[in-house]
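Have a look at the structure below before the remarks.
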Amino acid sequence: IVEYYENISEGVKNNILGTKSVCDAALDCNVGKVVVISSDKAVRPTNIMGASKRFAEMIVQSTDASSNSTKFCMVRFGNVINSSGSVIPLFRKQISEGGPVTLTHNEVTRFFMTISEASSLVIQAGQYAKGGEVFILDMGEQVKIVDLAKRLIYLSGRNIAYDESGEGIQIKEIGLRPGEKLYEELLISGREQKTPNAKIFMCNESFPSDDILNLALKKIQMSIEENNTQTIKEVLKKHVEGFLEE
């Protein structure tokens, strides 16, 4: 949704300025610890969603560096099964309607984790935070979306149809969406550091100085007010490591 031209400014406003507002409010209220949920899309992003999430991470890192009381950290992970926007409810709906099941590319892979596991690990990661860390959840091996679709079809008691005339549910490849990657990553650079929980890793990633970040933030805010999506993209490309819009 964020990638479409008319939604870019609002998406960036939500992810970047919204995060900034939350950080400022936490400081004003002397909150002890803030855990910000990030995304694997923030790593070498190919879309506005991912780039804005990484910029939001940098705001959190910068805020923590200048805070003497409130501690800020981030937790970065991938898809949560059955959450809002998850592909699984969509596939189930398509199967119940007789198909076809649509996927963007046969080679697309994604990380998956259950809601209960993700929420538990996020809470634990917050306990480990001393300030400024990016925590990464061990989500296991990436799953091919086409294999997931096949499994759901079989689990529903149906067969796969390989052409229009076949009996069963057909799987159709409809093409990658704007900014969509074939696979996601969780680490920008360096190596993960262990924590007391084997499924939670920690990394320390670089971010711009306050002067550079504040100047970029002012440009983004002005561009949002003017709905100048070109300048928004230019600022993100300049400051977000690895951002290459597709």
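Say we look at the stretch 199-219 and pick out the residues that are exposed (fewer than 14 other Cβ atoms within 10 Å of the Cβ) and within 22 Å of the chain's Cα centre (by Cα); which of these is nearest to Gly242 (Cα to Cα)?
In this case the residue turns out to be Ser206.
Across the stretch 170-195, which residue is modelled with the highest pLDDT among those that are basic (Lys, Arg) and open to solvent by 30 Å² or more (accessible area, probe 1.4 Å)?
Filtering the stretch 170-195 for residues basic (Lys, Arg) gives 172, 177, 181, 191, 194.
With open to solvent by 30 Å² or more (accessible area, probe 1.4 Å) added as a condition, the list becomes 172, 177, 191, 194.
On the way: Lys172: 93, Arg177: 83, Arg191: 72, Lys194: 87.
Checked the stretch 170-195; the qualifying residue modelled with the highest pLDDT is Lys172.
Among the residues of the stretch 220-229, which ones are in a helix (DSSP H, G or I) and either out of contact with any helix residue (DSSP H, G or I) (no Cβ under 9 Å at 6 or more places or on another chain) or open to solvent by less than 100 Å² (accessible area, probe 1.4 Å) (or both)? Outline the logic, then answer.
Step one: filter the stretch 220-229 for residues in a helix (DSSP H, G or I), giving 220-226, 229.
Matches in the stretch 220-229: Ile220, Gln221, Ser223, Ile224, Thr229.
Among the residues of the stretch 73-83, are any within 26 Å of Glu225 (Cα to Cα) and either in contact (Cβ under 8 Å) with a residue 24 or more places away in the chain or polar (S, T, N, Q) (or both)?
Kept after step one, since they are within 26 Å of Glu225 (Cα to Cα), are these residues of the stretch 73-83: none.
Checked the stretch 73-83: no residue is within 26 Å of Glu225 (Cα to Cα) and either in contact (Cβ under 8 Å) with a residue 24 or more places away in the chain or polar (S, T, N, Q) (or both).
Name the residues in the stretch 17-45 that are over 28 Å from Ser120 (Cβ atoms) and either among the aliphatic types (A, V, I, L, M) or in contact with a Pro (Cβ under 9 Å, 6 or more places away or on another chain) (or both), would you?
Residue satisfying the conditions is Leu17 alone.
Can you name the condition, by its number, that Met49 falls short on among (1) open to solvent by less than 50 Å² (accessible area, probe 1.4 Å); (2) aliphatic (A, V, I, L, M); (3) part of a helix (DSSP H, G or I); (4) within 23 Å of Val235 (Cβ to Cβ)?
All conditions pass for Met49, except number (1).
So if I check each of Lys238, Lys172, which one is in contact with a strand residue (DSSP E or B) (Cβ under 9 Å, 6 or more places away or on another chain) and not in a loop (DSSP other than H, G, I, E, B)? It would help to see each step written out before you state the result.
Numbers: Lys238 fails: in contact with a strand residue (DSSP E or B) (Cβ under 9 Å, 6 or more places away or on another chain).
After applying the criteria, what remains is Lys172.
What's the number of the condition Arg110 fails, among (1) free of Cβ contacts under 8 Å to residues at least 12 places away in the same chain; (2) charged (D, E, K, R); (3) within 19 Å of Leu182 (Cβ to Cβ)?
(1)
Considering only residues of the stretch 25-46 that are in a helix (DSSP H, G or I) and without any contact (Cβ under 8 Å) to a residue 12 or more places away in the chain, which is nearest to Phe135 (Cα to Cα)? Can you show your working first?
Taking the stretch 25-46 first, the residues in a helix (DSSP H, G or I) are 25-28, 40-42.
Pick out the ones that are also without any contact (Cβ under 8 Å) to a residue 12 or more places away in the chain and you get 25, 28.
Working: Ala25: 22, Asp28: 25 Å.
If we take residues in the stretch 25-46 being in a helix (DSSP H, G or I) and without any contact (Cβ under 8 Å) to a residue 12 or more places away in the chain, then Ala25 is nearest to Phe135 (Cα to Cα).
I'd like to know if the stretch 5-14 contains one or more residues that are over 16 Å from the mean Cα position of the chain (by Cα), open to solvent by 10 Å² or more (accessible area, probe 1.4 Å), hydroxyl-bearing (Ser, Thr, Tyr) and closer than 15 Å to Glu133 by Cβ.
For the stretch 5-14, residues over 16 Å from the mean Cα position of the chain (by Cα), open to solvent by 10 Å² or more (accessible area, probe 1.4 Å), hydroxyl-bearing (Ser, Thr, Tyr) and closer than 15 Å to Glu133 by Cβ: absent.
Which one of these is more than 30 Å from Val34 (Cβ to Cβ), touching a helix residue (DSSP H, G or I) at 6+ places or on another chain (Cβ under 8 Å) and small (Gly, Ala, Ser): Gly157, Gly168?
Numbers: Gly157 fails: touching a helix residue (DSSP H, G or I) at 6+ places or on another chain (Cβ under 8 Å).
Just one listed residue meets the conditions, Gly168.
Do we find that Leu155 is among the hydrophobic types (A, V, I, L, M, F, W, C) and either under 17 Å from Glu241 (Cβ atoms) or touching a Leu at 6+ places or on another chain (Cβ under 9 Å) (or both) in this structure? Let's see the steps before the verdict.
On the way: among the hydrophobic types (A, V, I, L, M, F, W, C): yes; either under 17 Å from Glu241 (Cβ atoms) or touching a Leu at 6+ places or on another chain (Cβ under 9 Å) (or both): no.
Here the answer is no, as Leu155 does not meet what is asked.
Which members of the stretch 15-31 meet the condition of being at negative phi and open to solvent by 50 Å² or more (accessible area, probe 1.4 Å)? If you could, list the steps in order and put the result at the bottom.
So in the stretch 15-31, the residues at negative phi come out as 15-29, 31.
Matches in the stretch 15-31: Lys20, Ser21, Val22, Asp24, Leu27, Asp28, Cys29, Val31.
The values are calculated or read from the model by the stated rules, or taken from the named source; none is laboratory data. Here the structure is a predicted model, which means the values were calculated and not measured. Quick reminder, even Gly has a Cβ in these numbers, built from the backbone with ideal geometry, and neighbours come from all protein chains shown. When the accessible area is computed, the model is the full protein with side chains, heavy atoms only, and any ligands, DNA or RNA have been set aside. Shrake-Rupley method; radii C 1.70, N 1.55, O 1.52, S 1.80 Å.
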